[in-house]
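Since the structure comes first, as structure tokens, the remarks are kept for the end.
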Amino acid sequence: MTTTQPVPGDRYRPLAFRGWQPTSAGEIDFAFDGAIARIALGPDGSVRLRAALGDELPPDPHEALGRAAWRSAAGELRENDDATLTLWHEGPLGSVRVDIRPDPLTLGIGDRHGEPIAMLGGLHFDARGGARIKQMLGPGERVFGFGEQHGGLDKRGQRLLLRTRDPALTPRGAMYVAIPFYLVHRSDEATASSHGVLLDSFGAARFDVGATRPDRLVLETDGDGLDLIVFPGPTPADVIARFTGRVGRTPRPPLWALGHHQSRWSYANETQVRRVAEELRERGIPTDAIHLDIDYMDGYRVFTWHPKRFPAPAQLAEEMRRQGFRLVAIVDPGVKKDPDYEVYREGLTRDHFCTDRNDRVTTLRVWPGDSVLPDFNRAEVRAWWSEQHRALLDAGVSGIWNDMNEPAGWKSDLRLGRVMLPYRQQDLSAMQQAPPAAPELRVAHERVRNLYGYQECRATRAALENAHPDERPFVLSRSGYAGIQRFAAIWTGDNLARWPHLRESIPMLLNLSLSGVAFCGADIGGFALSCTPELYARWIQLGAFYPFARTHSMWAKKRQEPWRFGPEIEAIAKAALEFRMALMPHLYGLFCESERSGAPVWRPLFYEFPGDAEAAKIEDQFMLGSELMVAPVVTRGARERRVYLPEGRWFAWGDDAQYLGPRWIRVAAPLDSIPLFARAGAIVPMRGAVRHAGEIPDPPLRLEIFPEAEGFARLVEDDGLSLAYQRGGEATRDVRLRAHAAGRLRLEIGRREGDFPIEPRRSQLRFHACPRPQRVLFDGEELGAPAQGAAHCTWSGGHLIVAFEDRGDGAVVEIESGA
Ligand code: MIG
């Protein structure tokens, strides 16, 4: 028997192997001296490895997390002559093969043809049950994901700590969100393949991503052993579909939540809210929501309204609603320690707050002064917290913004109007979480810290569901864990109004997207420090494409509404947001797709072009779905930029200039423009710009068509607000582009499926780069110039527009240009 030699001075000790045996569920258990491990295969071809000190694994955490239970697939097992084992599974959802060496435990994971996927080994434990394991990294492999992180797109060469934390304006170290998931991608001509790894650890986790040894990725937990799942690909889309199948996907948001949100710390009274609303409408700047930061509360007591600043919140919300604005209110987890405050009193009586080892309720200094923290890991605490939201929801607040939920606090007070003091992270390591009645269930805060915001958002989402059972909730969160997308959108916290932060928002949001969080965004214009006009222009141009688009800023800086930077910048901001509103059918379709498959809305180039090694390096361009590519300007003073175009034909948005990739090009990017490209074959559903989700666009629908031999789009329409779509209340239509012989183009619009009625309306098709046609046929009938009621077409400047009476029926358009 061989044992791994301990590294001198290493806190981890090697494992002495005892034996293995299959379980009745088709898993394999491995016994070591003082430790146990289990390998299980999932029906989708994923491989789970759990290990812990002792002779029993801790209970599966799915219930605590509200996830679906893990089901092991019945794998086939073979014992080989050399004392190794082969475990495999083949099924409709996925296939995998694992070659296992029991001593020392090593897993070689491969696909069903034996092509290697991942190699893991070197399992060690420290005395407290923290585990360490290593994954081999091949020379061409890049490592993405890890949720919300500073730095570039590819994390190879870095050391990362995943522990939820308020980095307090220092762009370094652990962040608010901890998602211990990564995607390994290899792209070279011969083999492009991806796989993903989730280290399901609720306490701090460490990753050495080839920093110490370039060919090793070292994973470490702080306790509770190891629970790791490898998700096979081969494409990035396959990996993310499997990963989100496990941890959950982004439910379809209400349409209004996809509009622009205007926020500031704080619109601190009703007059300010009214004024900003009025001005947004007067100036015609599209916006759907206004956020209320902490000053709406009475002495920062959560679930209260300040009696002077917000004397009539219900009336305000109602007024806002009439103008097409929703209100989103901030909620912090810290409950003011104040014996006259109902939420505190009740929570205390019911033992709902986190306590220390001596059963004393833990206090933390936050906005209201000394505060206590609800223990969201307990279902009864979550239910109680949900109920508290009535004070806000009854008044007509539509969405909840969960801040400070890492949880964060400090020792010195920060007040509005005073100098900003440096934050200090309170040391919460001694905090215990569990009902005092059941001391054996207590868990040290550090062991479950990363779940704090996740569980809070779970309660918040339930609050909205309870109040409006047939509406889609909107929750925004600063902290989160793997699967947070089931409950909340994520914004990336306090950034600075500086160019590097604009630039960095791209890889940060792309990695969050790859980590399952489709609905994400950064504060447009930067949170802290004052923004320059040029930076704001570039930021709102990019931010208009963020899945979650919110302008937000801190009190100690110049105001940041779109008109604060002069008329030229205001016009740029307005145009950017109008474009977002016009693009909404496309954006919405992407969210619908994400709900179904987990596919991110924002995608790095390699996601769509997995075999393109150059694409894998690009971190200042991104795909918005699979058809559009955005190449924002993120450099001060730049009025042009280099753009990488992967394989295929591309159209520049605006002038329809065509390029053949793969190649680098240089494009002009004056201050009022952001380079955007459509892939040939793209069918991009758009509509007329509106100022908010409640307005009726004109035209209601226009398909932007970029001709190619083949193209496909799925149009999804529903009421944008309720859950009726889950009961058939949506209309989907497949649109296909088929170019036959040269000079002939055919577009087929499928019949509507689903129950959502499409009221008769004038929809449009716009064919780009289209030579003057000789004939245009609509359902076989030749079209002429505009005529009342019937379909008609107009051609000018290389665009052919077909307008038709759209009742959701199928249609075929044929264009003959006789070339
Ligand atoms: O201690 O609520 O990231 O968006 O404006 C700061 C005030 C607390 C931090 C959030 C920020 C919010 C601010 N909050």
Neighbours by Cβ (under 8 Å, 6+ apart or cross-chain): first from the stretch 643-662, charged (D, E, K, R); second part of a strand (DSSP E or B): Glu647/Gly661; Glu647/Pro662; Arg649/Gln658; Arg649/Tyr659; Arg649/Leu660; Arg649/Gly661; Arg649/Arg679
When the stretch 338-360 is examined, which residues are found to be in a loop (DSSP other than H, G, I, E, B) and of a type in the set (Asp, Glu)? Asp338, Asp340, Asp351, Asp359
For the stretch 520-549, name all the residues that are in a loop (DSSP other than H, G, I, E, B) and either under 20 Å from Pro604 (Cα atoms) or away from the ligand (no atom under 12 Å from the Cβ) (or both). Ala522, Gly525, Leu529, Ser530, Cys531, Thr532, Ala544, Phe545, Tyr546, Pro547, Phe548
Of the residues in the stretch 357-381 that are out of contact with any strand residue (DSSP E or B) (no Cβ under 8 Å at 6 or more places or on another chain) and buried (at least 22 other Cβ atoms within 10 Å of the Cβ), the one that is nearest to Met297 (Cα to Cα) is Trp367
If you go through Leu85, Leu41, the only one that is in contact with a Ser or Thr (Cβ under 8 Å, 6 or more places away or on another chain) and in contact (Cβ under 8 Å) with a residue 40 or more places away in the chain is Leu41
Can you tell me which residue within the stretch 315-337, out of those that are outside any loop (DSSP other than H, G, I, E, B) and charged (D, E, K, R), is surrounded by the fewest Cβ atoms within 10 Å (Cβ to Cβ)? Arg322
Could you check how many residues of the stretch 305-345 are more than 16 Å from Ser398 (Cα to Cα) and within 16 Å of the ligand (Cβ to nearest atom)? 8
Kindly list the number of the only condition in (1) free of Cβ contacts under 8 Å to residues at least 40 places away in the same chain; (2) surrounded by 24 or more Cβ atoms within 10 Å (Cβ to Cβ) that fails for Ala174. (2)
From the residues in the stretch 550-584 that are touching a strand residue (DSSP E or B) at 6+ places or on another chain (Cβ under 9 Å) and within 15 Å of the ligand (Cβ to nearest atom), which one is modelled with the lowest pLDDT? Ala556
Can you confirm whether Thr170 is within 18 Å of the chain's Cα centre (by Cα), among the hydroxyl-bearing types (Ser, Thr, Tyr) and within 16 Å of the ligand (Cβ to nearest atom)? no
For the condition touching a strand residue (DSSP E or B) at 6+ places or on another chain (Cβ under 8 Å) and either closer than 14 Å to Ile330 by Cβ or among the charged types (D, E, K, R) (or both), what is the one hit in Leu280, Leu292, Leu316? Leu292
Pairing a residue in the stretch 15-34 that is basic (Lys, Arg) with any residue that is in a strand (DSSP E or B) and buried (at least 16 other Cβ atoms within 10 Å of the Cβ), where Cβ atoms lie under 7 Å and the two sit 6 or more apart in sequence or on different chains, gives Arg18/Ala31; Arg18/Phe32
Go over the candidates Leu783, Leu745 one by one and state the one that is buried (at least 18 other Cβ atoms within 10 Å of the Cβ), within 15 Å of Gly681 (Cα to Cα) and of a type outside the set (Val, Ile, Thr). Leu745
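How about the stretch 594-665: which strands (runs of 3 or more DSSP E) wholly inside it have at least 3 residues that are surrounded by fewer than 20 Cβ atoms within 10 Å (Cβ to Cβ) and either of a type in the set (Lys, Arg) or in contact with a strand residue (DSSP E or B) (Cβ under 9 Å, 6 or more places away or on another chain) (or both)?
640-652
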Within the stretch 158-172, how many residues turn out to be in a loop (DSSP other than H, G, I, E, B) and out of contact with any Lys or Arg (no Cβ under 7 Å at 6 or more places or on another chain)? 9
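The values are calculated or read from the model by the stated rules, or taken from the named source; none is laboratory data. Source: prediction; values computed, not measured. Glycine also receives a Cβ, built like all others from the backbone with ideal geometry; neighbour counts cover every protein chain displayed.
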